[in-house]
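The values are calculated or read from the model by the stated rules, or taken from the named source; none is laboratory data. Everything quoted here is computed from the prediction, not taken from an experiment. Every residue, glycine as well, gets a Cβ built from its backbone with ideal geometry; the counts of neighbours run over all protein chains shown. The protein model used for the area step is the full one, side chains on, heavy atoms only, and it has no ligands, DNA or RNA in it. Shrake-Rupley method; radii C 1.70, N 1.55, O 1.52, S 1.80 Å.
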Amino acid sequence: DQQVKQNSPSLSVQEGRISILNCDYTNSMFDYFLWYKKYPAEGPTFLISISSIKDKNEDGRFTVFLNKSAKHLSLHIVPSQPGDSAVYFCAAVRVSGGYNKLIFGAGTRLAVHP
Amino acid sequence: EPEVTQTPSHQVTQMGQEVILRCVPISNHLYFYWYRQILGQKVEFLVSFYNNEISEKSEIFDDQFSVERPDGSNFTLKIRSTKLEDSAMYFCASSSTGGKLFFGSGTQLSVL
């Protein structure tokens, strides 16, 4: 199932700089998109989401941009902090009957170094 | 903040044995899910559960898998006869109507 793709398996960023994580999708019927963060030995933790009818959503240091024509979204983290080091998963949802089946990308491992 | 809890954190079993993975979803949530992540691969949807029945299941969720909500709080995943390829981290999740999913910390299943 390649409906959600994260083509960069890893990203290294210096503390204080911007981290940009990218995600592409193929199904134009997705209703909204989410970013989850995952630390080792923990479950995915919700970070931020965006509805398919919007092009930007911001929450503190985290901003998600959606380009529907390109079927592309990105997560910006500014400024990056060492505690942001984790695996970031992009996920897409098509709401069906009230439940949300998330389709995940493969993840991007972000390393923020001092 | 309420959380989804999973037990055990690690489960080791022999091939062919039955395992039951347990989850306590967030108490006011109505939708329950199991996902899994094989080492080095993406997080994959297994099954969703609502109103005491399966809403949707993936092709991974074959006859060897079953889910149950035996009481008002627990949500279990049973694998009847485990195979080596069932070794993975299994995540339980829950959500309210149309809401984001909250995941548990997972059960690492190792089939020997």
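A few notes on this one:
- Residue-by-residue Karplus 3J(HN,Hα) for the stretch A:40-51, coefficients 6.51, -1.76, 1.60, Hz, glycine and proline x: x, 6, 10, x, x, 10, 4, 10, 7, 9, 8, 6
- Relative contact order of the stretch B:5-96, defined on C-alpha pairs under 8 angstrom at six or more residues apart (%): 39
- Computed with a 1.4 Å probe over protein heavy atoms only, the accessible surface of chain B comes to 49 Å² per residue.
- Computed about its Cα centre, the charge dipole of chain A is approximately 160 debye, with only Lys, Arg, Asp and Glu carrying charge at their Cβ.
- ³J(HN,Hα) computed for each position of the stretch B:53-63 - Karplus, 6.51 cos²θ - 1.76 cosθ + 1.60, integer Hz, glycine/proline x: 8, 6, 8, 7, 9, 8, 5, 5, 7, 8, 5
- Residues of type aspartates and glutamates that A:LYS68 reaches as a straight line, Cα spacing below 17 Å, ignoring anything fewer than 8 places off in the same chain: A:ASP24, A:ASP31, A:ASP55
- A Cβ-based charge dipole, computed about the Cα centre of the protein assembly as shown with Lys and Arg at +1 and Asp and Glu at -1, lands at about 460 debye.
- In order through the stretch A:19-24: 3J(HN,Hα) via Karplus (6.51 cos²θ - 1.76 cosθ + 1.60), integer Hz, x for Gly, Pro: 10, 10, 10, 10, 8, 10
- Heavy-atom accessible surface of B:THR76, to the nearest 10 Å², is about 10 Å², with a 1.4 Å probe and all protein chains retained.
- Dipole magnitude of the stretch B:5-96 about its Cα centre (Cβ charges: Lys, Arg +1; Asp, Glu -1), debye to nearest 20: 240
- Per residue, the convex hull volume that the Cα atoms of the protein assembly as shown enclose (Å³): 122
- With DNA, RNA and ligands ignored, accessible area of B:VAL43 (1.4 Å probe; Å², nearest 10): 0
- Set against the 2.2 N^0.38 Å expectation for a compact globular protein, chain B has a Cα radius of gyration ratio of 0.99.
- Interchain or long-range residues, amide H under 5 Å from B:SER87's placed H: B:VAL111
- Spatial separation of Cα centroids for the stretch A:17-46 and the stretch A:53-114, in angstrom: 4
- When accessible surface is computed with a 1.4 Å probe, chains B and A are found to bury approximately 1700 Å² between them, both chains counted.
- Among the protein heavy atoms of the protein assembly as shown, carbon and sulfur supply 48% of the accessible surface, probe 1.4 Å, non-protein parts ignored.
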